[in-house]
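Okay, so here's the structure we're looking at.
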Amino acid sequence: MPSPKQTAYNARRAILRAGPLFWMQRRTIIVDGPLAFRMRRIAAARASESGLDILTMPLLAARLAGGFVRPASAGDIEQAVRGAFDAGGFQVLQRSGDLPGIVRAAAQSLRDLWDEGRTLEALPAENAQVADMALLEARVREHLPAGVLSALDLRDAALARIAHGAILGKIELDRVFYIAPVWRPVLLQLQEHAPVAWRDAPEHCRSWWRGGRDDVSYRPSEAAYVACANPRAEVVESLRWLRLLLSSGVAPATIGVAAVNPEAWDDHFIALARAHLPLHFAHGLPALATHPGQACAALADILLRGLNQERFRRLARYRAGSAALGALDASWNDWLPRAARLTTPEQWAGALDAAWAKHSGRPDPRPVLAPALRLLARGGEAALEAGAQILPPAARPIWKSALTRAPLAAVEQSLRDLRLADASDPAACAVWGPTSLLVGAPRPHMRLLGLTSRAWPRARREDPMLPPHVLDLGTPEGMSAEALDRAAFAHLCARATASCVISKSRRNAQGARFGTSPLVADIKDWAELRRERTPEHAFSEADRLQARPGDARSEPALVHATRCYRDWRLDQLTAHDGRVRSDHPRIIETLTQSQSATRLRLMLRDPLAYVWRYALGWRPPRDMNTALALSPRDYGDLVHDMLRRAIVQLGRDGFAGASADQISHSVDESAAELAEAWPLDHATPPGRLWQFTINRAAEEAKRALGVPAPPETRSYAELGFGRDEDEAGADLPWRPNAEVVLATSGLKINGFIDRLDYRDTDYHCRVTDYKTGEGPRERGFTIRFGLDVQRVLYTIAVRQLAPQTARVQALLIYLGGKKLRADYDNDLDPAPLEKYVAVAARLLKSGLGVSGIDAFEDDNDYALALPADEAYQTRKQGARAVALTDLSPVWRVK
């Protein structure tokens, strides 16, 4: 049995003995564009064709040139242009080298010049800009990667070896719509060495051709002309037409949708079609519409705007395959506080250490995260290294290409312009793309979009780098963009043998009216497809419900939405205004839970928000962007935390006798601790503003502690009651988990007493509630219309948990304003508060959890869940007043 090496040798000898017969059986098919290339390969595979090469014109020239060369791609040229700009030495272009889009514009200018078969080396340098472009062209052609040739160099290499053209066998140009002038000499000289025929092409696109022709006759279908409201409506109607054809048994591979410049419709096709219909994007998908592109966008967001937790969490979603983040466990961020911004690696380290101390049973993410965070914190200087280390493999070429096109400052624009090849199979899908690709592979069912005066045909485009006033190249050998668009329109219409639809928009997305394209200016009978019409076929479930109101009326979700819309416009209270059945299990369960001061305030002033937050678990959205100041609530928490730390440092026994210097020193130490610890759990302003906030909080804390404690007292800060946790063994007047119950309603309450000064000798107690605002102008109130209930709750807790207390003094201190304000109350009467809490609980149990007095305030956190209609409050006001008659007196009690 011969060896594989002997078998290959025998096969080569057989080919040589066959001589001309072998080469006569060999064929080469030339196609136009990547879509035609893929479709022709699929057709060859289905027909089991052998001895066949399928090439484009650049690939044909590369085959003739030999030596493992290939044509330069757009990415190769852009990379070389970036290197040429980085080398410097330009007179005019040096100032533009870092501008966004300059690389792409220069590369496109060179490609257009080379397609015309021209080079700036042979032209006189009429001015500095032409000289710069000539230098740029020379550098690009010289510094392309090994084996990668520009169109001019590839043409010359092919012509040098044109005598070997017989190896290609019989050559057929299959539906090649247009040949750029640079390749025409290759085809003309190739006829002398191999038979060449051009099949199925417009006559005016091959007027220069003198070789063989193989024309095909078509019987085009009659075109239908439709006018839609705007580009989005054109897409909707195209997808309905596509669904109609598919439901009729038409194969997807016979359907095509095209426009001269598809960008105006791309976003709509991506949003509406990708999840419902088999549609192939011939010109590729926008990079940002893919997971790799989104990974690049997440990295750019960090490098441009800085590191924080929200941005890093987004980047970590695309960690699969990442060299730096691929080893992260899925639960790496389960314990990190979401409110913390974590803008530095040091803050990340502190937050991770604290989380790991509480949850050490899981895989430790710190060894993986630490080097990645340090790399990201370096910012723009580490852009290339971060792309290689952080991004998954599929995203790295996108990132590199985006940085080649523009500097990091403009990388977001570069990412928006990049496209990736669509992985779907065009032989199993309908095709959407530009006419420049569809003309090489037309389909029997065609729909042409954008037949407006601005879109089809395109106006003459000036070269951005070499406009006519800089360099007049005379009349080009090739066809202008306008002539190509006219020819493409006629070509596609003629080959739409099954159906053809011509579509235009009446207005653009901004509402401006469009004119009709001159290509169809003589057409008068345009069928107007209005958006409210009922189509024969809907392209998706949502489209079906929108187009068929009868079907929508039976859809449960829409039935409930319609009922809610109508209920909001009734005068009486309905289920959509907060009414529920009596003794609802969720409300009963919520009322059996321990109630805080915040809960009681919502219960008294806005029962509907109480139900939303505590019965349904809704939470208002949090703005994670960097704020210039803490919210009033967060600032109050900061001051209270600082007071607690200061009192703990002074000691419970020593605070009463502490001097002003001791108090100041204690507060300063607490402020220094919080300056480092607070950002690990909360969102904080930028550096200097954060330090200003800390200093301001420290001043207010010193003023608060400046109120002297009674002599011989012990002071406690943030002393809990009714809590779930317990501090066993701590020197406290009661256990923090001790239960406190409101007598009238039976509700359990919990909270933290801001400060408690307790004296054992005469059982005298003082509870203090600190407020960071300036407070109301009036004085002498107890619960202030239900807004301030803490002092009363503190008094109730002390009387129940320390029944031996003879006297309870309640102190309310406002730290804002120019000077400290204090309000004293001795032995507060909790009866009014307990009475109205019982009323609120009874109303909730009866199913009247409706909106209260706080519902329509500007600072209401739950306003987003209420109707946006301003008349809603007025419409429901009477019914709400009747329903909350028993509760409304609390809104007038001081």
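The values are calculated or read from the model by the stated rules, or taken from the named source; none is laboratory data. All values reported here derive from a predicted model rather than from experimental measurement. Counting neighbours? That spans all protein chains shown, and the Cβs are built from the backbone with ideal geometry, glycine included. Note: areas computed on protein heavy atoms with side chains; ligands, DNA, RNA excluded. Shrake-Rupley method; radii C 1.70, N 1.55, O 1.52, S 1.80 Å.
One table, with the values for the structure above:
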quantity: Answer residue from the stretch 529-546, given it is within 24 Å of LYS504 (Cβ to Cβ) and not in a loop (DSSP other than H, G, I, E, B) and is most open to solvent (accessible area, probe 1.4 Å) among those; calculated: GLN546
quantity: Residue pairs meeting the criteria (Cβ under 7 Å; at least 6 apart or on separate chains; first farther than 13 Å from LEU449 by Cα, in the stretch 503-524; second open to solvent by less than 30 Å² (accessible area, probe 1.4 Å) and among the aliphatic types (A, V, I, L, M)); calculated: ARG507/ALA229
quantity: Those residues of the stretch 687-740 which are within 16 Å of ASP754 (Cβ to Cβ), of a type in the set (A, V, I, L, M), touching a residue at least 24 places away in the same chain (Cβ under 8 Å) and not in a strand (DSSP E or B), in sequence order; calculated: ALA697, ALA701, ALA704, LEU705, VAL707, ALA709
quantity: Close pairs from the stretch 563-589: first touching a residue at least 24 places away in the same chain (Cβ under 8 Å) and part of a helix (DSSP H, G or I), partner of a type in the set (Ser, Thr, Tyr) and surrounded by 13 or more Cβ atoms within 10 Å (Cβ to Cβ), Cβ under 8 Å, at least 6 apart; calculated: ASP577/SER851
quantity: Flag for ARG842 being surrounded by 15 or more Cβ atoms within 10 Å (Cβ to Cβ) and either closer than 29 Å to PRO708 by Cβ or of a type outside the set (Phe, Trp, Tyr) (or both); calculated: no
quantity: Residue among PRO397, PRO363, PRO337, PRO371 that alone is open to solvent by 40 Å² or more (accessible area, probe 1.4 Å) and not in a helix (DSSP H, G or I); calculated: PRO363
quantity: Any strands (runs of 3 or more DSSP E) falling wholly within the stretch 190-299 and containing at least 1 residues that are at pLDDT 90 or above and over 20 Å from the mean Cα position of the chain (by Cα); calculated: 223-228, 255-259, 279-281
quantity: Qualifying residue in the stretch 870-877 (condition: open to solvent by less than 30 Å² (accessible area, probe 1.4 Å) and either part of a loop (DSSP other than H, G, I, E, B) or within 18 Å of ILE587 (Cβ to Cβ) (or both)); calculated: no
quantity: Some residue of the stretch 571-587 being in contact with a Gly (Cβ under 9 Å, 6 or more places away or on another chain) and buried (at least 19 other Cβ atoms within 10 Å of the Cβ); calculated: yes
quantity: Number of positions in the stretch 674-720 that are surrounded by 15 or more Cβ atoms within 10 Å (Cβ to Cβ), acidic (Asp, Glu), under 40 Å from the mean Cα position of the chain (by Cα) and at pLDDT 85 or above; calculated: 0
quantity: Residue match in the stretch 547-561 (condition: open to solvent by less than 60 Å² (accessible area, probe 1.4 Å) and either within 22 Å of ALA871 (Cβ to Cβ) or in contact (Cβ under 8 Å) with a residue 40 or more places away in the chain (or both)); calculated: yes
quantity: Residues within the stretch 374-394 that are touching a Ser or Thr at 6+ places or on another chain (Cβ under 7 Å) and open to solvent by 60 Å² or more (accessible area, probe 1.4 Å), tallied; calculated: 0
quantity: Residue within the stretch 872-890 that is closer than 30 Å to THR782 by Cβ, touching a Gly at 6+ places or on another chain (Cβ under 9 Å), at pLDDT below 85 and of a type in the set (A, V, I, L, M) present; calculated: yes
quantity: Matching option when the condition is touching a helix residue (DSSP H, G or I) at 6+ places or on another chain (Cβ under 8 Å) and more than 15 Å from ALA138 (Cα to Cα), among ARG41, ARG63; calculated: ARG63
quantity: Residue satisfying all of: in the stretch 647-673; open to solvent by 40 Å² or more (accessible area, probe 1.4 Å) and outside any helix (DSSP H, G or I); nearest to GLU774 (Cα to Cα) among these; calculated: SER659
quantity: Counted residues, the stretch 189-239 - those being touching a His at 6+ places or on another chain (Cβ under 9 Å), open to solvent by 20 Å² or more (accessible area, probe 1.4 Å) and under 25 Å from ILE167 (Cβ atoms); calculated: 1
quantity: Identity of the residue in the stretch 408-434, small (Gly, Ala, Ser), part of a helix (DSSP H, G or I) and closer than 30 Å to THR254 by Cα, that ends up least open to solvent (accessible area, probe 1.4 Å); calculated: ALA427
quantity: The lone exception for SER248 - which of (1) open to solvent by less than 10 Å² (accessible area, probe 1.4 Å); (2) free of Cβ contacts under 8 Å to residues at least 12 places away in the same chain; (3) of a type outside the set (A, V, I, L, M, F, W, C) it fails; calculated: (1)
quantity: The stretch 327-346 residues that are at positive phi and in contact (Cβ under 8 Å) with a residue 60 or more places away in the chain, paired with ones that are in a loop (DSSP other than H, G, I, E, B) and of a type outside the set (Gly, Ala, Ser) (beta carbon under 9 Å, 6 or more apart); calculated: LEU342/LEU307; LEU342/ASN308; LEU342/LEU336
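Per-residue answers, yes or no, for (1) in contact (Cβ under 8 Å) with a residue 60 or more places away in the chain; (2) more than 30 Å from ASN333 (Cα to Cα):
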residue	(1), (2)
ALA395	yes, no
SER401	yes, yes
SER414	yes, yes
LEU420	yes, yes
ALA423	no, yes
ALA427	yes, yes
SER436	yes, yes
